[in-house]
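**Student:** Mind looking over this structure? Questions follow.
The values are calculated or read from the model by the stated rules, or taken from the named source; none is laboratory data. Since the structure is predicted, the reported quantities are computational estimates derived from the model, not experimental observations. With ideal geometry, Cβ positions are generated from the backbone for all residues, glycine too; neighbour counts draw on all protein chains shown.
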Amino acid sequence: MCGIVGYVGPSSQLADERGTAAGHDALDVLVEGLRRLEYRGYDSAGVAVISDGTVGFRKKAGKLLNLEQELGEHPLPRSTTGIGHTRWATHGGPSDLNAHPHVVDGGRLAVIHNGIIENFAEIKRELVEKGHEFLSETDTEVAAVLLADTYNDLGDQDLTAAMQVACRRLEGAFTLLAVHVDHPGRVVAARRNSPLVLGLGEGENFLGSDVSGFIDYTRSAVELGQDQVVSITADAYEITDFHGNPAEGKPFEVLWDAAAAEKGGFPSFMEKEINEQPMAVEQTLMGRTDPDGNLVLDELKIDESVLRSVDKIVVVACGTAAYAGQVARYAIEHWCRIPTEVELAHEFRYRDPIVNERTLVVALSQSGETMDTLMAVRHAQEQGAKVVAICNTNGSTIPREADAALYTHAGPEIAVASTKAFLAQITAAYLLGLYLAQLRGNKYKDEIAGILAELETMPAKIQQVIDAQGAVKDLAQSMKDAASVLFLGRHVGFPVALEGALKLKEIAYIHAEGFAAGELKHGPIALIEEGQPVFVIVPSPRGRDSLHAKVVSNIQEIRARGAVTIVIAEEGDESVADYANHVFRVPQSPTLLQPLLTTVPLQIFACELATAKGYDVDQPRNLAKSVTVE
Ligand code: F6R
């Protein structure tokens, strides 16, 4: 998830002809837009402007501040046309070289990109065969060289047509913006499965990943549709599909202020990130299969013979990431038949764990900087274990030190309480489990394809749960004075219960506990008294009926003792209705994948309840996003 901004203002000649003031300096618009979009990514930033028949560009690893310093030391000329990018690395770590824009074709064309181009390796091979050279490890440079190659092959100096043709070759998710020395007053852009909005000013036009990229200049916007190309000049824009047919965007007026615009109109980053979960899961799944339907995890650079000889997996992580690890254990053990342990990273090394060359340690971390997890990684490596990091932050310490990294593509998570990263971590861990099962022959190809097909349906199902959030929010509002809330689950529902309780503790400051439902009768049932709210995560009745029946009995037991039961159950599961004070439905899915759905109402509940209590859900007291001390 990167931030993208584009600008075309009037040339001084055009301004003179109209008798209007000159437009802005493109660089000012771009840097201001990037500042507002920095929440979308801050690994590196870059700008390109067209001036005097050349592309001038600057790019720098790190936050926008580094780019601004670079621009201070090495200024770019005043310009009416430019593009800017703030990056959240996917292909290729965060470095000056991998930063955007990618300037190709002897410095004539500059391109920026948001998204993941799934077939970049295949296109790169073809372009290398044609004699093109590449400087970076990014999929973006492949798109840029493809665009330049197409432009030159077409030979009619039509950048828009070249963009249409090039986009027809690309698979995956992308927003692309391009400027070319042949077209000093034009930015050409395209989108598929990745956001792009057009801003309409007075004699100047803008492009942005979202309206916050240009909200200081105009509130009049046009949302681009799927598979559309847009070409903007200072006083016009033209939208087509990828085949050059005229197309239309959706005009709208921006009603938010600048601060709300960064949050996409949501009141908090947490709520925005909850709503981004379908995208987080979809992007984490993207580009993981080859044309024969085999699962490929390119980043997993550990020798296959080592992965085949693994006889134990240990997942190390903290907090929410550790609960993702607990979900992963059920799936990995079931699919791969490899004994799997999950351990809080800070406990792991002090217990003198038994790990060796045949142990695969999986370190789960959104930030990639959690010191406890990093120390566990180092300890495991000292004992000879190989470490795979599942991480959301490209180039952070844990994936750099690990033997291999599998990145989640949730985009930056700003709210301290983790939501979309949790679902993305679970998704990536499923992919790892399926990959090991494929490699070691534990599952047949069609079985793996079947599970992958189920996984691909999950983003739409998560969206369904989000769409039904009104009822969850109403309940949260009505429970804002609750003193304590309990959460019960079995099997994969158990870590979901723990996560539901953690969310409530950390942002609503309410006492909350998650229990394995089977543990009730061994103690926690003593907590149940009249009016005690208890969430129960009910497994699917299809396939694992004994598990389901046990949880239904647990609901009866607590209901009989006065609990207010709030049940999360699959659509069509009527067996819970008689014992539930409230039921929230999730779409049907295989049991092992259910946490991607059942977690969502618990996140919404915690967020709404904390908001109702007047708390800042993005920055809860005493907590930090990245815990870099032990
Ligand atoms: C809870 C939360 C924390 C983190 C934990 C690990 O909402 O965000 O429990 O999950 O501090 O952080 P990462 O994943 O960055 O290692």
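**Student:** Given the criterion closer than 30 Å to N622 by Cα, in contact (Cβ under 8 Å) with a residue 60 or more places away in the chain, in contact with a helix residue (DSSP H, G or I) (Cβ under 7 Å, 6 or more places away or on another chain) and of a type in the set (D, E), identify the matching residue among E513, E608.
**Tutor:** E608 is the lone residue from the list that is closer than 30 Å to N622 by Cα, in contact (Cβ under 8 Å) with a residue 60 or more places away in the chain, in contact with a helix residue (DSSP H, G or I) (Cβ under 7 Å, 6 or more places away or on another chain) and of a type in the set (D, E).
**Student:** For D298, only one of the following conditions fails: (1) in the same structural domain as D403 (by TED's automatic domain parsing); (2) in a helix (DSSP H, G or I). What is its number?
**Tutor:** Against the list (1) in the same structural domain as D403 (by TED's automatic domain parsing); (2) in a helix (DSSP H, G or I), D298 comes up short only on (2).
**Student:** Now for a separate question. Pairs only if they're at least six apart or on different chains, beta carbon under 7 angstrom, first in the range 360-380 and within 25 Å of A280 (Cα to Cα), second assigned to a helix (DSSP H, G or I) and within 7 Å of the ligand (Cβ to nearest atom); list them, first residue then second.
**Tutor:** So the pair list comes out as A363/T373; L364/A321; S365/A321; S365/T373; Q366/A321; Q366/A421.
**Student:** Also, quick follow-up: With respect to L602, is the statement that it is aliphatic (A, V, I, L, M), part of a helix (DSSP H, G or I) and under 26 Å from the mean Cα position of the chain (by Cα) true? Lay out the reasoning, then the answer.
**Tutor:** On the way: aliphatic (A, V, I, L, M): yes; part of a helix (DSSP H, G or I): yes; under 26 Å from the mean Cα position of the chain (by Cα): yes.
Against the criterion (aliphatic (A, V, I, L, M), part of a helix (DSSP H, G or I) and under 26 Å from the mean Cα position of the chain (by Cα)), L602 qualifies.
**Student:** What are the residues in the range 79-93 that are within 17 Å of T233 (Cα to Cα), of a type outside the set (V, I, T) and not in a strand (DSSP E or B), if any? Outline the logic, then answer.
**Tutor:** Looking only at the range 79-93, we keep the residues that are within 17 Å of T233 (Cα to Cα), and these are 79-84.
From what is left, the residues that are of a type outside the set (V, I, T) are 79, 82, 84.
Passing the criteria: only S79.
**Student:** Scanning the range 103-157 for residues that are in a loop (DSSP other than H, G, I, E, B) and acidic (D, E), which turns out farthest from the chain's Cα centre (by Cα)?
**Tutor:** Going residue by residue through the range 103-157, those that are in a loop (DSSP other than H, G, I, E, B) are 105-108, 118-119, 130-138, 155-157.
Next, only the ones that are acidic (D, E) stay: 105, 118, 133, 137, 156.
Details: D105: 32, E118: 16, E133: 31, E137: 21, D156: 39 Å.
Filtering the range 103-157 for residues that are in a loop (DSSP other than H, G, I, E, B) and acidic (D, E), the one farthest from the chain's Cα centre (by Cα) comes out as D156.
**Student:** Can you list the helices (runs of 4 or more DSSP H) found entirely within the range 425-508 that contain at least 2 residues being within 16 Å of the ligand (Cβ to nearest atom)?
**Tutor:** Details: elements: 445-467, 469-478, 493-508.
Where helices (runs of 4 or more DSSP H) fall fully within the range 425-508 and carry at least 2 residues being within 16 Å of the ligand (Cβ to nearest atom), they are 493-508.
**Student:** Here is a further query. Give the number of residues within the range 250-267 that are buried (at least 20 other Cβ atoms within 10 Å of the Cβ) and within 17 Å of the chain's Cα centre (by Cα). Full working, then the answer.
**Tutor:** Residues of the range 250-267 that are buried (at least 20 other Cβ atoms within 10 Å of the Cβ), as a first pass: 254, 261-263.
Filter again for within 17 Å of the chain's Cα centre (by Cα), leaving 262-263.
Of the residues in that region, 2 qualify.
**Student:** Follow-up question, since we're still on this one. Considering every residue within the range 510-520, establish whether at least one is within 23 Å of the chain's Cα centre (by Cα) and farther than 16 Å from T598 by Cα.
**Tutor:** Of the residues in the range 510-520, the ones within 23 Å of the chain's Cα centre (by Cα) are none.
Within the range 510-520 (the criterion being within 23 Å of the chain's Cα centre (by Cα) and farther than 16 Å from T598 by Cα), the answer is no, since none of the residues qualifies.
**Student:** So which residues in the range 202-216 are more than 28 Å from the chain's Cα centre (by Cα) and buried (at least 21 other Cβ atoms within 10 Å of the Cβ), if there are any at all? Before the answer, list the steps.
**Tutor:** So the first thing to find is which residues in the range 202-216 are more than 28 Å from the chain's Cα centre (by Cα), and the list is 202-205.
Once the filter is applied, which keeps residues that are more than 28 Å from the chain's Cα centre (by Cα) and buried (at least 21 other Cβ atoms within 10 Å of the Cβ), the range 202-216 yields E204, N205.
**Student:** Inspect the range 539-560 for any residue being within 16 Å of the ligand (Cβ to nearest atom) and among the basic types (K, R) and give the result as yes or no. Reasoning before the result, please.
**Tutor:** Kept after step one, since they are within 16 Å of the ligand (Cβ to nearest atom), are these residues of the range 539-560: none.
Checking the range 539-560: not a single residue is within 16 Å of the ligand (Cβ to nearest atom) and among the basic types (K, R).
**Student:** Please go through the range 158-177 and give me each residue that is surrounded by fewer than 22 Cβ atoms within 10 Å (Cβ to Cβ), within 27 Å of the chain's Cα centre (by Cα) and in a loop (DSSP other than H, G, I, E, B), ordered by number.
**Tutor:** Across the range 158-177, the qualifying residue is only E171.
**Student:** In the range 237-260, which residues are touching a Lys or Arg at 6+ places or on another chain (Cβ under 7 Å) and more than 22 Å from L170 (Cβ to Cβ)?
**Tutor:** The initial filter retains those residues of the range 237-260 that are touching a Lys or Arg at 6+ places or on another chain (Cβ under 7 Å), namely 242, 253-254, 258.
Correct list: E253, V254, A258.
**Student:** Could you please let me know if E506 is without any contact (Cβ under 8 Å) to a residue 60 or more places away in the chain and among the acidic types (D, E)? Walk me through it before giving the result.
**Tutor:** Details: without any contact (Cβ under 8 Å) to a residue 60 or more places away in the chain: no; among the acidic types (D, E): yes.
Considered against the rule, which asks whether it is without any contact (Cβ under 8 Å) to a residue 60 or more places away in the chain and among the acidic types (D, E), E506 comes out as no.
**Student:** Further, regarding this structure: Could you tell me which numbered condition A89 fails, if it satisfies all but one of (1) within 28 Å of L200 (Cβ to Cβ); (2) surrounded by 20 or more Cβ atoms within 10 Å (Cβ to Cβ); (3) in contact (Cβ under 8 Å) with a residue 60 or more places away in the chain; (4) under 29 Å from the mean Cα position of the chain (by Cα)?
**Tutor:** All conditions are met except number (1).
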